[in-house]
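**Q** Provided herewith is a single structure, encoded as structure tokens, for subsequent inquiry.
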Amino acid sequence: MRPTIIAGNWKMYKTVDESVSFVKELSPKVSEASSEIFIGVPFTAIHPVVEASRGTNLVIGAQNMNDATEGAFTGEIAASMLLEAGAQFVIIGHSERRHIFGESDQFIQKKLARAFTDGLRPILCIGEKLEEREANETENVLRNQLTECLRGFSSDQLKSLIVAYEPVWAIGTGKTATPEIAQEAHAFTRKVLEDLFGAEVASRTPILYGGSVKPDNVQSLMKQSDIDGVLVGGASLTVESFEKIVNFDSQVGSVGTA
Ligand code: PGA
């Protein structure tokens, strides 16, 4: 059985004060959630938010890191520094990192290697651009990203891996993939994991959907058999909407599904 994971990605939003107030307000509202709750916060907020969420079910992480252990890399941050601050996971290869900051699959592979070695749980993001979908290239793009980013790892190393399918055309645009489109891409992603690492890895790896997830579309996405959770940007920024997403299964309609 795969866990359900609801992950927030705050991107470059929230000061330390805003971050701490958010988790203090959120935590009592989601204490009964059936899903694991992850929040990727800005670097400066990791330590204070970890302190403020002690004893809660919130898992705090980072949105990026470098693959080196240390060195002359101005502006970068090492996995050991994130761990020391209390981060338990890291988002790697987000489409904004790939497309705004030019990160390649090869660089992402090195970051994953560092995360696996140092014990930081990675959320690897993959996804096609609009022109790639329109050119019928979605499956090739996903297969390539997975093959290159996961090159050289053993199934044992991949135990902590989480994958997030985030179609670039759906991120921050208000255009969510329909549950059917998302399910199709997730099933394909799982098939590629099976081709590369076998059925066991494919069936245990959580695959999250990301791209304009909102309180009113989370339920239909979560009903899909290969969607194990969501990675939420914009709608993770207010307690009101993130709480609704986290508690998506405790609303009307859950009768008989427990
Ligand atoms: P969005 O972002 O929910 O604002 O579309 C998702 C993401 O970038 O992870």
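What follows draws every value from the coordinates through simple rules; no lab data is involved. Bear in mind that the values here come from a model prediction, so they are computed numbers and not experimental data. Don't worry about glycine lacking a Cβ; one is built from the backbone with ideal geometry, like all the others, and counts go over all protein chains shown.
**Q** In the Gaussian network model of the chain, springs joining C-alpha atoms below 10 Å, which of Asn140, Asn247, Asn66 carries the largest mean-square fluctuation?
**A** Among Asn140, Asn247, Asn66, the largest mean-square fluctuation in the Gaussian network model of the chain belongs to Asn140.
**Q** Just how many pairs of Lys in segment 1-155 have C-alpha atoms closer than 26 Å, counting pairs that are eight or more places apart or on different chains?
**A** Count of close lysine pairs: 10.
**Q** Contact order normalised by length for the chain, with contacts defined as Cα pairs under 8 Å and 6 or more residues apart; what percent is it? List each step's numbers first, then the result.
**A** Details: 476 pairs, mean separation 52.8, N = 258.
It rounds to 20 percent for the chain.
**Q** Then there's this: Based on the alpha-carbon gyration tensor of segment 43-148 and its eigenvalue square roots a ≥ b ≥ c, which shape applies: rounded if a/c is under 1.5, prolate if not and a/b is larger than b/c, or oblate?
**A** Taking the square roots of the gyration eigenvalues as a ≥ b ≥ c, segment 43-148 is prolate.
**Q** Give me the distance in nm between label points sitting 7 Å out from Cα along the Cα-to-Cβ direction at Met1 and Thr147, one decimal.
**A** Distance between label points: 3.6 nm.
**Q** While we're here: Classify segment 155-258 as rounded, prolate or oblate from the Cα gyration tensor: take a ≥ b ≥ c as the square roots of its eigenvalues, call it rounded if a/c is under 1.5, otherwise prolate when a/b beats b/c and oblate if not. Working shown, then result.
**A** Working: a/c = 1.90, a/b = 1.52, b/c = 1.26.
Here segment 155-258 falls in the prolate category.
**Q** Another question, then. Relative contact order for segment 123-243: what is it in percent, counting Cα pairs under 8 Å that are at least 6 residues apart? Let's see the in-between values first.
**A** Numbers: 182 pairs, mean separation 31.6, N = 121.
Worked out over segment 123-243, it gives 26 percent.
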